Amino acid sequence: MANPTPHGFRFFRAGGVDQVQLRNGADVAALPQLDQKLWMALSLPTRGLEFDPRTADLIDTDKDGRIRPPELLAAIEWSKKTFKNLDVLLKPSDTVPLANIADPDVVAGAKRILTSLKKPDADSIALADVSDTAKIFAETTFNGDGVVPADAASDPATQKAIEDIIAAVGSTPDRSGKPGVDQARVDAFFEEAKTLDAWNKKLDSDASLAPLGAEGMAAAAASVREVKAKIDDYFARCAMVTFDPRSAGPLNRDEKDYAALAPTELSTSSPELAALPLAKIESGKSLSLRSGLNPAWQSRIVAMADKASGPLIQKAVALTQADWDNTQAKLSGYISWEASKPQTRVEKLGLPRLRELISTNAKAKIDTLITQDKALEKEVAQLEAVERLVRYQRDLFSLLTNSVNFADFYGKRGALFQAGTLYLDARSCDLCIEVMDVATHGALAGLSAAYLAYCELTRPNEPKKTIVAVFTDGDSDNLLAGRNGVFYDRKGRDWHATITKIVANPISIREAFWLPYKKLVRAIEDQIAKRAQSAEADSNAEVAAGAAAVANADKTAPKKEKAESPKLDLGTIALIGTAIGGISALMGGFLTALFGMGIWMPVGVAGVILLISGPSMLLAYLKLRQRNLGPLLDANGWAINTRAKLNVPFGAALTRVARLPAGSTRSLDDPFAEKKRPWRLYLTTFVLALLVYLWFIGRLDAYVPARIRNATVFPPKPVATAPVEPASPTK
């Protein structure tokens, strides 16, 4: 078979990646030919997206909670067979005209649904028509799911039988939403009923198992079980005394044991009393069943005699060891039968009702109803196909533009992973992604090189959620854990948002430019604050000491005069002077070199600024080039196939900084503005002082008239030279 002609795909570039463009139905139909290495995402979760979970479940055929390329391609193949033209997918709608459906079985299913909804003449079917199966089958007796509710039967006896089965073994929901029974439940019910009935019949058919009748044997067995351990203990103790008479005393318990009980308030239910021997222990003594018994056990021993040993072996007054063994032997068959009782759920209905259901044709009638319902299975199965049809027309293209390409994201139409918009710190962030586990997400999301703010969202009557907001413009000065904002989800609902965690990365090159200066200012402010706190602490200590001195002036001995602080020695003063001189010389040299550049002085100023801000800007530039959407989505369960960059221009579109609207006017008169300082005067004074200094050192001589030059005003003093001696005559 010849290979199909390769489809001529067209690509667009966004996020630094070539992405396939889906222009029409032919492009969608040809996606099986596209190399999956060119897909943007190879897997995405079915939950945590702005996407209908029911549609996601229809596409997720293996039900693993993820949608992968084979499942998307299978959905496309199904659509090619079902729609007459795939161009309809590019125009999402929740209504499908019947004329656009190619599969006759799906058309038949759609017509059946419309008929059941009393709309037989409709020429299109909508998602609302197929979403509520209970509404579709509310008045339908049989719907092809193999489940029959009680009202599916026409006679009261069968209806009652179905209700009894549901009460015993539970129900299976019918497509109409009513509780019903399927074949598995019916078979299980009657199997358990027959098993329980056969077990009961075994007792009726074997007289040796129940000489006292079923009820009498049950009472006898229960009475024996209640006292068996205590009677066995009694006969064992008597046998021990027969073996060694010296054991009689200890086995009957010491007198001090009874003395310990004397102060307590006793009753026949006291555990201490019940722990004593059943009767007096003697060698070869039989057990009296009427007198001489431990009060805690007397009523139970009498009950055993009346219900078991008396009726079974005619021993109602006293028992020997042999009599006790004979009583248990008479019960052994019944106890074994009782232990073989099957565990069933149907026993609650009672044996008479179970035998009635088994003996009648109730099961055959219910089986017939289930068979009639299943006969419509193929026809009614088209319901899911019709629902799939409508959902695919509405949702499939959106899924493709968030997996095969990211056209919705880069086209700013709202991608499936964008949960809404966060308003905080005079900015709005459109790239907000819902997060299921902050710790797991944060471990990988930091690789995105983006500035991330994790926010907890709360809203009345809604469960808490967490999002991560990506800040891609502005600065980070006021983005701190604990700050509050407002989040609007894709449905327009507002949530209270609180920052809980920050993953810091550069936001913009503009912020990086000012970063060194901000750090310097913060460092100076910190030092000033520390000095102020230290001074305040010292002052408070001195005040407290002074107050204590005044309060205790009459009790305190006169203070010695405070020793004078040691004066600075000449060496220290010289060192300080040298340091100040060095700094002054350095600053003077720097300013001299700067102003000595003449007309190139602006270049020098720019060089100084670049020297200070350059490293920070370079680092920010490199980080911003690495900013990538992939780790943010991978941390949420996606499988991103390539780098989806968030460059500076696109980032500015995702985070919008507050600006006054076009055409607005504003007044700069602020009645509460701080008092202005005479900065112009300060600046003018500084410039004048600088010019005087430069004139004084002669740096301005080249730019001022000769008569006011420093060399003219302060001419250099002539240097005295030694007289030249005349040369001696040559000899």
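In this structure, the amide hydrogen of S124, modeled 1.01 Å from its nitrogen in the peptide plane, lies closer than 5 angstrom to those of L98, counting only residues at least 5 positions away or on a different chain. Here the gap between M436 and F9, fully extended at 0.36 nm per residue and compared with their Cα-Cα distance, gives a gain of 150.0 nm.
For the pairs K37/K465; K341/K374; K280/K307; K201/K315; K80/K645, flag any whose C-alpha to C-alpha distance is greater than 28 Å. Please list the in-between numbers first.
Working: K37/K465 34 Å; K341/K374 36 Å; K280/K307 24 Å; K201/K315 30 Å; K80/K645 34 Å.
The answer is K37/K465; K341/K374; K201/K315; K80/K645.
The string of couplings for segment 84-97 from the Karplus curve (6.51, -1.76, 1.60, θ = phi - 60°) is 6, 8, 6, 4, 5, 5, 7, 10, x, 7, 9, 10, 10, x Hz, one whole number per residue in order, with x for Gly and Pro. Taking only the alpha-carbon positions of segment 212-344 and ignoring solvent, what does the Debye formula give for the base-10 log of I(q)/I(0) at q = 0.09, 0.13, 0.14 Å⁻¹? For segment 212-344 at q = 0.09, 0.13, 0.14 Å⁻¹, log10 I(q)/I(0) is -0.31, -0.61, -0.69.
Calculate, in nm to one decimal, what Q159 and N710 gain on full extension: separation in residues at 0.36 nm each, minus their alpha carbon distance.
Details: separation 551, 0.36 × 551 = 198.36 nm, distance 12.16 nm.
Difference between extended and current length: 186.2 nm.
How long are the semi-axes of the ellipsoid equivalent to segment 1-153, from square roots of 5 times the Cα gyration tensor eigenvalues, in whole Å, largest first? Spell out each step's value before the answer.
Working: eigenvalues 254, 75, 43 Å².
Working through the eigenvalues yields semi-axes of 36, 19, 15 Å.
Between D121 and A74, the simple spin-label model (points 7 angstrom out along Cα→Cβ) gives 4.2 nm. Sorting the segments 185-193, 342-350 by their residues' average number of neighbouring beta-carbon atoms within 10 angstrom, most packed first, yields 185-193, 342-350. The distance from the alpha carbon centre of segment 204-241 to that of segment 378-444 is 71 Å, rounded to a whole number. Shown is the FRET efficiency for L266 and T498, computed with R0 = 60 Å from the Cβ-Cβ distance and rounded to the nearest 0.05: 0.40. Near T172, the amide H atoms lying under 5 Å from its own belong to G180, V181, D182; only residues 5 or more places off or on other chains count, and H is placed 1.01 Å from N.
In this structure the amide hydrogen of N405, modeled in the peptide plane, comes within under 5 Å of the amide hydrogens of M40, none closer than 5 places in sequence on its chain.
Multiply the residue gap between D105 and K491 by 0.36 nm, knock off their C-alpha separation, and tell me the result in nm, one decimal place.
Working: separation 386, 0.36 × 386 = 138.96 nm, distance 3.61 nm.
Contour length minus the Cα-Cα distance gives 135.3 nm.
Taking a point 7 Å from the Cα of A658 along the Cα-to-Cβ direction, the residues of segment 424-455 with backbone N closer than 13 Å to it are 424-428.
With contacts defined as alpha carbon pairs under 8 Å and 6 or more residues apart, what's the relative contact order of segment 132-235 in percent?
Details: 79 pairs, mean separation 21.6, N = 104.
About 21 percent, as a whole number.
From the alpha carbon centroid of segment 76-118 to that of segment 453-502 is 41 Å.
Just so you know, all these numbers are worked out from the coordinates, no wet-lab data involved. No experiment lies behind these values; they were computed from the predicted model shown. Because the Cβ atoms are built from the backbone with ideal geometry, glycine has one as well, and the counts that use them run over all protein chains shown.
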